[in-house]
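*Asks:* Quick one: the structure is below, and I'll ask about it shortly.
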Amino acid sequence: MPEINSKVVTRFAPSPTGFQHIGGMRTALFAYLLARQNNGTFILRIEDTDKSREVEGSIDHVIEALSWLGIEFDYGPKNPGPWGSNIQSERLDRYREYAKSLIQKGLAYPDPYSQEELDAFRAQAEAEKRPFLFRDHRPAEFEAWDGTKALRLKVPEVKRYTWIDAVRGELSAGPEMLDDIILIKADGYPTYNFAHIIDDLEMGVTHVVRGDEFISSVPKFLSIYDALGIPYPVFVSLPPILRDDRTKKLGKRDGAKDVLEYRTEGYLPETMINFLALIGWNPGTEQELFSKDELITAFSIDKIQRGGGAFNEDKLLWMNKEYLQKYSHEEFLTYILSGIPEKIKTSSLYSDDVLLRLVPTLRERTHTRAEVTTELEAGEYDWVFTEPEQNPEQIKWKNDASTQDVIPRLKEALEVLKTADFSSPDTLKASLWPLAETVGKGELLWPLRVSLTGKAQSPDPFTVAFILGKSQTMARIETACVKIGE
Ligand code: GLU
């Protein structure tokens with residue numbers, strides 16, 4: 001296993017081609033943890049050399065996602081390092097300089113072929129059932145490069161490469177992977193293959209942390225390192241994130257969505273950091289809940305697994321609920337406010353106070369703000385915010401001969417409630433229970449609850465009365481008595 005230098009430098013290097021999904025954030029997190037635990041440096045670098053794929057707003061989006069998760073970077077698109085900008089399109093002269101040094105060494109040359117000629121070579125290779133390799137088409141003599149043609153690497157040595165990946169161990173790939181790849185495109189922009197190596201060199205990156213889909217390209221990269229005569233960094237290839245059933249890589253439909261959508265749904269940054277850290281890494285203990293600082297201490301490359309890590313949505317939900325436990329009811333109220341449906345906010349009895357009394361019930365049944373919204377939208381708690389429909393037939397207990405039978409019981413309940421302590425469902429239960437034992441539990445509790453909610457199903461009457469508060473509770477019981485008496 002390669003040793004960790006005392007000065008570790010890592011980077012997260014997204015291309016600005018749209019939103020960040022959890023795979024990208026997991027890579028960023030692992031690179032960040034590695035840097036922080038070694039008192040090293042973490043860089044956010046923007047790899048925007050493919051202008052055709054660029055999506056406006058992507059850079060702000062990645063910065064926002066990282067900042068939401070508390071993944072702080074030391075250098076980024078808005079704070080250049082001693083090496084200059086961290087945005088590749090602002091570093092074109094750097095790539096050109098290294099390209100020229102390769103030309104001087106005879107290790108780079110302008111591509112003499114048109115796209116049609118290249119297509120013909122490729123078609124011919126396919127027809128002959130052999131891989132298309134550009135190095136078979138290398139011209140005998142190199143022209144001077146005027147910058148209008150693509151610049152290609154002359155593979156310094158056609159050989160089998162063997163290298164160490166800090167996660168995968170020893171890897172090896174043969175000459176069949178080596179091609180005279182393009183370093184600088186005809187449009188003047190470098191390729192990812194070339195630019196990231198120059199940047200990693202100039203930025204002093206010691207550990208290249210990225211998804212293992214890059215492993216197959218490593219021999220190509222190594223041929224560039226060799227041509228430049230520079231040392232290899234430590235490669236840390238992260239396993240893919242799989243669907244929960246492990247049948248395939250997590251796709252857009254299975255949760256590989258914009259990471260900021262999780263924020264909108266009410267996942268806490270602590271949850272996401274903790275959850276992402278455990279995809280493809282395990283601490284080697286039973287511990288599942290880790291703060292960011294605990295992760296920085298516990299993280300280690302040799303506990304990154306080689307095989308894919310599953311995205312377990314139930315675990316994500318569980319974890320969010322765990323982190324929400326630390327919220328007081330008042331904090332939980334603030335947390336759900338942006339998710340309260342309009343129809344609730346505009347209903348006649350809505351107030352922050354009543355919502356606060358509903359919070360303990362709501363949070364018991366939900367894991368996220370989005371789930372709270374769903375419950376409220378489904379109408380589960382409409383009785384809290386609007387006067388219920390009171391139907392005497394429904395209020396009547398099943399053993400009652402007539403609807404009138406419930407009136408004395410409700411009146412007695414009103415008497416008790418006049419002096420009852422409404423500060424919690426428990427105090428209300430303590431007040432009403434003796435009466436329930438005298439007149440019968442179902443005889444009292446059913447009419448009481450149905451008078452208050454108009455529903456056959458709802459929380460118990462003590463919880464309901466607590467949520468409604470004293471005046472609403474008394475008023476509803478009184479109205480029910482009037483209705484039944486009519
Ligand atoms: N720009 C590359 C990507 O978006 C980064 C790969 C790397 O980290 O080297 O996947």
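*Asks:* For the range 208-222, give me each residue that is more than 24 Å from residue 157 (Cβ to Cβ), in contact with a strand residue (DSSP E or B) (Cβ under 8 Å, 6 or more places away or on another chain) and within 11 Å of the ligand (Cβ to nearest atom).
*Replies:* Once the filter is applied, which keeps residues that are more than 24 Å from residue 157 (Cβ to Cβ), in contact with a strand residue (DSSP E or B) (Cβ under 8 Å, 6 or more places away or on another chain) and within 11 Å of the ligand (Cβ to nearest atom), the range 208-222 yields 209, 210, 211.
*Asks:* While we're here: So, of the residues in the range 223-242 that are in a helix (DSSP H, G or I) and open to solvent by 10 Å² or more (accessible area, probe 1.4 Å), which turns out to be farthest from residue 156 (Cα to Cα)?
*Replies:* Checked the range 223-242; the qualifying residue farthest from residue 156 (Cα to Cα) is 228.
*Asks:* Residue check: is residue 123 free of Cβ contacts under 8 Å to residues at least 24 places away in the same chain, more than 16 Å from the ligand (Cβ to nearest atom), out of contact with any strand residue (DSSP E or B) (no Cβ under 8 Å at 6 or more places or on another chain) and assigned to a loop (DSSP other than H, G, I, E, B)?
*Replies:* So residue 123 fails the test.
So that you can scan it fast, the table gives a plain yes or no per residue for (1) among the basic types (Lys, Arg); (2) within 16 Å of the ligand (Cβ to nearest atom):
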position	(1), (2)
157	no, no
160	yes, no
165	no, yes
170	no, no
173	no, no
179	no, no
184	no, no
190	no, yes
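*Asks:* Of the residues 201, 276, only one is under 30 Å from residue 337 (Cβ atoms), touching a residue at least 12 places away in the same chain (Cβ under 8 Å) and not in a loop (DSSP other than H, G, I, E, B); which?
*Replies:* The conditions single out 276.
*Asks:* Give the residue that is surrounded by the fewest Cβ atoms within 10 Å (Cβ to Cβ), with candidates limited to residues of the range 17-29 that are of a type outside the set (Gly, Ala, Ser) and more than 9 Å from the ligand (Cβ to nearest atom).
*Replies:* Out of the qualifying residues, it is 19.
*Asks:* Restricting attention to the range 37-53, and to residues there that are open to solvent by less than 50 Å² (accessible area, probe 1.4 Å) and more than 20 Å from residue 78 (Cβ to Cβ), which single residue is nearest to the ligand (Cβ to nearest atom)?
*Replies:* Among residues in the range 37-53 that are open to solvent by less than 50 Å² (accessible area, probe 1.4 Å) and more than 20 Å from residue 78 (Cβ to Cβ), the one nearest to the ligand (Cβ to nearest atom) is 40.
*Asks:* Mind checking which residues of the range 251-268 are within 30 Å of residue 203 (Cβ to Cβ) and open to solvent by less than 60 Å² (accessible area, probe 1.4 Å)?
*Replies:* Scanning the range 251-268 gives 256, 258, 259, 260, 262.
*Asks:* Additional query: Which number in (1) in contact (Cβ under 8 Å) with a residue 12 or more places away in the chain; (2) open to solvent by less than 40 Å² (accessible area, probe 1.4 Å) marks the one condition that residue 85 misses?
*Replies:* The one condition residue 85 does not meet is (1).
The values are calculated or read from the model by the stated rules, or taken from the named source; none is laboratory data. Just so it is clear, the structure is predicted and the values come from calculations on it, not from any experiment. So basically every Cβ, Gly included, is an ideal-geometry build from the backbone, and we count neighbours across all protein chains shown. These area figures cover heavy atoms from the full protein model, side chains too; ligands, DNA and RNA do not enter into them. Shrake-Rupley method; radii C 1.70, N 1.55, O 1.52, S 1.80 Å.
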